[in-house]
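Right, one structure below, let's go through it.
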Amino acid sequence: MIHHLLVTPDRSSFADLSLAIEARGGFISWADSVHQALTSLSKINVDLVVADETLGDMTGLEFFKRVIAVNPMVNGAAVSSLSKEAYHESSEGLGLLMQLAPNPGKAESERLMANLNRVLQLTPAKRQETSR
Amino acid sequence: MENGRIAIPSMEAGGLDGKRSGHFGHCDTFTLVDVKDGAVDKVSTLANQEHIQGGCMVPVNLLADNQVNALVVGGIGMRPLMGFRQAGIEVYHDDQRQDIRPVVEDLISGRLAMIADDQVCGGGNQPSEREEIT
């Protein structure tokens, strides 16, 4: 089962995303804060982390700089209202799957799931090692 | 390096007399150089896999699965760098030379430096034209 960690102080902003994940049989863990998310990532194996645009005193993109220090293997996607160019500049080197609009809808969530599946298909050995 | 396997992101068919690729995620092939007793023992090539956005760990797993010990890049993002380090693959840096052979010779003789955290792409650092963002 694919394990997703959704990081947001407002779960309603990921309503459509969580429905899309559940429709595909995915498992969801929630974190309301950066601290809770990083604690979870140090304890559990996660296939995808999705971060909301603002997480307390940092942006979702800044949060991912901390995530890769804890677990660079985990895949990520961030909500960001930056322009395409500004997002590219800000996310450089973070290796994120895609930029999500605030309150990502069903179609966008489906694209994210499809992108995640493509990456997971290309990394089957590592998935076996990290799957619970 | 006395013993081990070096991977060089390469253009087209690769090989010791081939050209390096400045973009390891998008490179055509990896030239693999086996080093034994401080000398080149064997050279082979490994086809790269499909590169997709966010697929930084694909080459990390590919090279780890093929027993690579060291990689030479022109540039790299922080996530794949951390991934290579976690996989036990040392990442060396040379953003000047396109020929594979002199870079391999320098790595074997200890004249090539490992990439530093402040040389990665992103995080406020300015990548050169040859550097790679994955």
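The values are calculated or read from the model by the stated rules, or taken from the named source; none is laboratory data. Note that this is a predicted model, so its numbers are computed, not measured. Glycine gets a Cβ as well: all are built from the backbone with ideal geometry, and neighbour counts include every protein chain shown.
Among the residues in segment A:56-69, are any on the phi > 0 side of the Ramachandran plot, surrounded by fewer than 17 Cβ atoms within 10 Å (Cβ to Cβ), small (G, A, S) and not in a helix (DSSP H, G or I)?
Yes, some residue in segment A:56-69 is on the phi > 0 side of the Ramachandran plot, surrounded by fewer than 17 Cβ atoms within 10 Å (Cβ to Cβ), small (G, A, S) and not in a helix (DSSP H, G or I).
Is there any pair linking a residue in segment A:7-22 that is farther than 19 Å from A:S40 by Cα to one that is basic (K, R), with Cβ under 8 Å and at least six apart or on different chains, and which?
Every condition considered, the pairs that remain are A:D16/A:K106; A:L19/A:K106; A:A20/A:K106.
Specify which of the listed residues (B:G74, B:G123) is at pLDDT below 95, small (G, A, S) and surrounded by fewer than 19 Cβ atoms within 10 Å (Cβ to Cβ).
B:G123
From (1) at pLDDT below 90; (2) surrounded by 16 or more Cβ atoms within 10 Å (Cβ to Cβ), pick out the condition that doesn't hold for B:N61.
(1)
Quick check on this structure: which one of A:E62, A:E85 is closer than 26 Å to B:F24 by Cα, away from chain B (no Cβ under 11 Å) and not polar (S, T, N, Q)?
A:E85
Go through (1) at negative phi; (2) within 14 Å of another protein chain (Cβ to nearest Cβ); (3) not small (G, A, S) one by one and return the number of the condition B:D94 breaks.
Here B:D94 clears every test but (2).
What are the residues in segment B:49-61 that are within 9 Å of another protein chain (Cβ to nearest Cβ) and part of a helix (DSSP H, G or I), if any?
Answer for segment B:49-61, where residues must be within 9 Å of another protein chain (Cβ to nearest Cβ) and part of a helix (DSSP H, G or I): B:M57, B:V58, B:V60, B:N61.
Of the residues A:L48, A:L120, A:L96, only one is within 11 Å of chain B (Cβ to nearest Cβ), crowded, with 22+ Cβ neighbours inside 10 Å and touching a residue at least 40 places away in the same chain (Cβ under 8 Å); which?
Unique residue meeting the criteria: A:L48.
So which pairs qualify, if the first residue must be in segment B:68-91 and away from chain A (no Cβ under 12 Å), the second must be part of a strand (DSSP E or B) and among the basic types (K, R), the Cβ gap must be under 6 Å, and the two must be at least 6 apart or on different chains?
Sorted first by the residue in segment B:68-91, then by its partner, the pairs are B:V68/B:R5; B:N69/B:R5.
Only one residue in A:A78, A:A114 is within 14 Å of chain B (Cβ to nearest Cβ), more than 30 Å from B:D117 (Cβ to Cβ) and among the hydrophobic types (A, V, I, L, M, F, W, C). Which one?
None of the others qualify; the one that does is A:A114.
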